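Read through the structure below, which is laid out as structure tokens, and then see the notes.
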Number of protein chains: 2
Amino acid sequence: MRVREETISITVDGERIEGTFVLPRDVESDAPGVLCVHGWGGCQEQYLGVARAIAALGCVALTFDLRGHAETSRLHDTVTREHSMRDVLAAYDRLASHPQVDKSLMGLVGASYGAYLGALLIYMRPLQLLALRAPALYKDDNWGEPKRKLHVDPDFAAYRQLTLRAEDNRALGACAQFLGDALVVESGRDEIIPHPAVANYIAALANAHSLTYRMIEDADHGLSETRWETAYNDLLVNWLTEMIKERPCVEPSS
Amino acid sequence: MRVREETISITVDGERIEGTFVLPRDVESDAPGVLCVHGWGGCQEQYLGVARAIAALGCVALTFDLRGHAETSRLHDTVTREHSMRDVLAAYDRLASHPQVDKSLMGLVGASYGAYLGALLIYMRPLQLLALRAPALYKDDNWGEPKRKLHVDPDFAAYRQLTLRAEDNRALGACAQFLGDALVVESGRDEIIPHPAVANYIAALANAHSLTYRMIEDADHGLSETRWETAYNDLLVNWLTEMIKERPCVEPSS
């Protein structure tokens with residue numbers, strides 16, 4: 001299916017962030033909407049390849065730059081998780097109101113910090129499809145602190161080694177409420193997100209309608225080699241194909 | 001791939017139980033070995049269809065009757081989990097010693113009580129592939145009591161509604177040690193195994209190399225309708241195909 005792209009601006013708290021719709025050239029109405037959320041230090045461009053693959057399946061994908069990145073990188077040291085969450089909400093709402101999108105079939109694809117934000121979105125908006133790659137985990141405390149400062153916590157790395165339950169962390173608590181279809185992808189040699197953090201997400205997703213967990217052997221956190229990026233795109237496309245096919249009659253799950 | 005069958009007897013504690021090898025007609029050596037363990041009240045025949053589908057993928061499958069079933073049904077009221085576990089061990093060892101089986105790539109496919117026993121096998125034998133359908137859960141206590149008596153416990157149904165951690169139950173503890181590839185399949189309308197019991201297994205399998213959890217909508221515990229049985233066989237075959245393909249160089253995980 002051939003795809004086309006359309007760049008947009010989204011206004012959040014008086015700031016403009018850039019986004020790109022990627023959609024089938026001859027899109028029908030009632031297409032699934034899939035929001036792509038990049039990680040900390042990333043940008044929407046990193047997700048264009050994924051968005052094109054998603055659009056080729058008949059979905060409308062939206063990638064966007066979180067505040068503090070790309071055009072608004074001047075905000076990098078001051079943006080908080082609250083700011084990022086509002087960015088995700090604004091992008092979700094823009095996607096859900098797209099005339100070709102079936103707002104009862106919404107998905108989110110996120111990596112690292114973007115996956116963490118995606119998990120939190122479960123509390124706030126209906127989501128049927130959730131794909132978390134190398135999902136980051138942060139303490140609930142200091143929500144309003146600049147995101148960059150969270151890494152200064154001397155306990156930061158140790159926290160990600162803990163076995164945590166849904167009630168111990170709000171992102172895990174959100175996952176425990178998730179009733180849609182979930183994909184979790186881990187990098188086999190992730191230097192940022194250790195396995196216990198990913199295992200916490202897997203365990204928390206035990207109430208999902210389905211759960212698919214896969215590891216990309218040898219891959220680093222950022223999938224810096226093309227073969228790892230390809231392996232991820234293949235996993236995502238295969239999963240999405242199965243999940244869209246399995247939903248002849250779609251009911252919102254939340 | 002065409003398959004053939006070979007009936008065998010396995011001696012355990014002086015009793016004979018019946019089994020059936022199902023294998024490709026022109027089997028090569030180093031085939032994966034897959035043990036099929038039926039549920040309480042079932043028999044090996046229920047697994048012949050699954051075993052044929054598994055063998056058609058190039059595996060050597062073994063189905064067998066647990067003591068207390070089929071030819072040894074006179075023992076139905078007296079067999080304990082200890083007896084059943086010894087049956088599973090004997091069948092596993094018979095399969096692992098089959099000349100065409102690569103004993104470094106062993107799998108177990110179990111349903112209900114058979115899935116519970118399969119989880120416990122993780123403690124005792126190397127397993128790389130584990131497929132649990134509607135896995136049952138029992139209290140650790142009274143291991144040596146007749147299996148049938150466990151259902152008399154007034155707390156029996158309530159126990160399966162609990163959220164349990166790996167350290168709360170030995171079958172879940174085994175799953176937490178599992179480093180191979182896991183499939184968990186739930187029946188959407190299971191009248192025997194409620195969702196919390198399945199969710200406990202999913203959460204406990206968070207350290208698996210991969211995890212695939214799927215639900216068969218509307219299905220009952222025993223997959224009494226052909227379409228549900230077909231859906232399960234399709235899930236199992238697709239999963240096994242992916243897992244065998246993904247293992248070009250096999251290393252035992254335990």
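Using every pair of distinct Cα positions in the range A:138-251, the Kirkwood expression returns a hydrodynamic radius of 15.8 angstrom. The convex hull built on the alpha-carbon positions of the range B:1-129 has an orientation-averaged projected area of 6.8 nm². Straight-line reach from B:Lys139: taking Cα to Cα under 22 Å and skipping same-chain neighbours fewer than 8 places apart, the lysines in range are B:Lys147, B:Lys149. Straight-line reach from A:Lys103: taking Cα to Cα under 12 Å and skipping same-chain neighbours fewer than 8 places apart, the aspartates and glutamates in range are A:Asp30, A:Asp93, A:Glu251. Each helix, a run of at least 4 DSSP H residues, gives -39500 (n - 2.57); summed and divided by the residues of chain B, these come to -9000 deg cm²/dmol at 222 nm.
Largest mean-square fluctuation among A:Ala136, A:Ala219, A:Ala182, in a Gaussian network model of chain A whose springs join Cα atoms under 10 Å apart, belongs to A:Ala219.
Take the accessible area of chain B alone and of chain A alone, subtract that of the pair, and you get about 1600 Å² summed over both chains, using a 1.4 Å probe. Starting from the label point of A:Thr241 at 7 Å along Cα→Cβ, the same points in the other copies fall at 1.1 nm, in ascending order.
Remark on B:Val79: its backbone amide H falls under 5 Å from those of B:Lys147, a criterion applied only to residues 5 or more positions apart or on other chains, H modelled at 1.01 Å from N. Taking the label point 7 Å from Cα in the Cβ direction, how far apart in nm is B:Gly144 from each other copy of itself, listed shortest first? Computed spacing set for this position: 6.3 nm.
When the Gaussian network model of chain B links Cα atoms closer than 10 Å, the mean-square fluctuations of B:Ala96, B:Ala171, B:Ala111 top out at B:Ala96.
Amide H of B:Leu105: which non-local residues (sequence gap of 5 or more, or other chain) have their own amide H closer than 5 Å, using H built in the peptide plane? It is B:Gly33, by chain and number. Converting phi to 3J(HN,Hα) with the Karplus coefficients 6.51, -1.76 and 1.60 and the offset θ = phi - 60°, the range A:95-100 yields 5, 5, 8, 5, x, 8 Hz in sequence order, with x at every glycine or proline. Remark on the range A:62-203: ratio of C-alpha radius of gyration to 2.2 N^0.38 Å is 1.03.
The mean sequence separation of alpha-carbon pairs under 8 Å and at least six residues apart, normalised by the residue count of the range A:3-246, gives a relative contact order of 16 percent. Would you mind classifying the range A:1-65 by shape? Square roots of the alpha carbon gyration tensor eigenvalues, ordered a ≥ b ≥ c; an a/c under 1.5 is rounded, otherwise it is prolate if a/b is larger than b/c and oblate if not. In terms of gyration-tensor shape, prolate.
Sequentially through the range B:226-239, phi angles give Karplus couplings (6.51, -1.76, 1.60; θ = phi - 60°) of 4, 5, 6, 4, 5, 4, 5, 4, 5, 4, 5, 5, 4, 5 Hz, Gly and Pro residues having no value and appearing as x. Our coupling estimate for the range A:193-199, obtained by passing each phi through the Karplus curve with A = 6.51, B = -1.76, C = 1.60 and θ = phi - 60°, is 10, x, 4, x, 5, 5, 4 Hz, Gly and Pro reported as x. Once you've got the GNM for chain A with C-alpha springs shorter than 10 Å, pick whichever of A:Asp181, A:Asp234, A:Asp141 has the biggest mean-square fluctuation. The residue with the greatest mean-square fluctuation here is A:Asp141. With 10 Å bins beginning at zero, the pair-distance distribution over Cα atoms of chain A amounts to 8, 34, 39, 18, 2, 0 %. If you take the alpha carbon atoms of the protein assembly as shown and fit the smallest convex hull around them, that volume is 147 Å³ per residue.
Only beta bridges with both residues in the range A:3-246 are counted; by DSSP, about 35 percent of them are antiparallel.
Rounded to the nearest 20 debye, the dipole size of the range B:3-246 about its Cα centre is 260 debye, using +1 on the Cβ of Lys and Arg and -1 on the Cβ of Asp and Glu. Each copy carries a label point for A:Asp155 at 7 Å from Cα toward Cβ; from one copy, the others' points are 3.4 nm away, ordered from shortest.
The values are calculated or read from the model by the stated rules, or taken from the named source; none is laboratory data. The structure presented is a predicted model; accordingly, all values stated were derived computationally and were not measured. Cβ coordinates were reconstructed from backbone atoms using ideal geometry, including for glycine residues, and neighbour counts include every protein chain displayed. We work out accessible area using only protein heavy atoms, side chains counted, and drop any ligands, DNA or RNA first. Shrake-Rupley method; radii C 1.70, N 1.55, O 1.52, S 1.80 Å.
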